[in-house]
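None of the figures in this text is laboratory data; all of them are computed from the coordinates on show. Note that the coordinates shown come from a computational prediction; the quantities given were computed from them, not determined experimentally. Here Cβ is always computed from backbone atoms with ideal geometry, including for glycine, and neighbour counts include all displayed protein chains.
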């Protein structure tokens with residue numbers, strides 16, 4: 001049962017990453033102002049990276065943990 005839940009969560013994560021990539025490409029192609037239903041995806045990612053960078057070592061550790069979780 002736990003394996004099934006892990007597989008489902010992994011599949012949902014892959015779908016989320018694919019949708020995020022699609023939103024980034026669409027935002028770059030048509031501009032953030034024309035993406036009312038998706039919002040400013042590129043601006044949000046830039047803000048996230050900026051906040052992780054300003055957090056110092058804690059931000060670097062958080063980034064490492066997130067990358068490790070996404071690689072599995």
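Here is a check on your reading of the model: is residue 53 exposed (fewer than 11 other Cβ atoms within 10 Å of the Cβ) and within 17 Å of the chain's Cα centre (by Cα)?
Details: exposed (fewer than 11 other Cβ atoms within 10 Å of the Cβ): no; within 17 Å of the chain's Cα centre (by Cα): yes.
Criteria not met by residue 53.
Residue 67 fails exactly one of the following numbered conditions: (1) in contact with a helix residue (DSSP H, G or I) (Cβ under 8 Å, 6 or more places away or on another chain); (2) without any contact (Cβ under 8 Å) to a residue 40 or more places away in the chain; (3) loosely packed, with under 11 Cβ neighbours inside 10 Å. What is the number of that condition?
Residue 67 satisfies every listed condition except (1).
Being in a helix (DSSP H, G or I) and either touching a residue at least 40 places away in the same chain (Cβ under 8 Å) or over 18 Å from residue 18 (Cα atoms) (or both) is the filter here, so list the residues in the range 29-42 that pass it. So that I can check it myself, show each step before the final result.
Our first condition is that a residue be in a helix (DSSP H, G or I); within the range 29-42, this holds for 29-30, 32-34, 41-42.
Listed by number, the residues that qualify are 30, 32, 33, 34.
Being on the phi < 0 side of the Ramachandran plot, part of a helix (DSSP H, G or I), surrounded by 11 or more Cβ atoms within 10 Å (Cβ to Cβ) and out of contact with any strand residue (DSSP E or B) (no Cβ under 9 Å at 6 or more places or on another chain) narrows it down to one residue among 58, 23; which is it?
Just one listed residue meets the conditions, 23.
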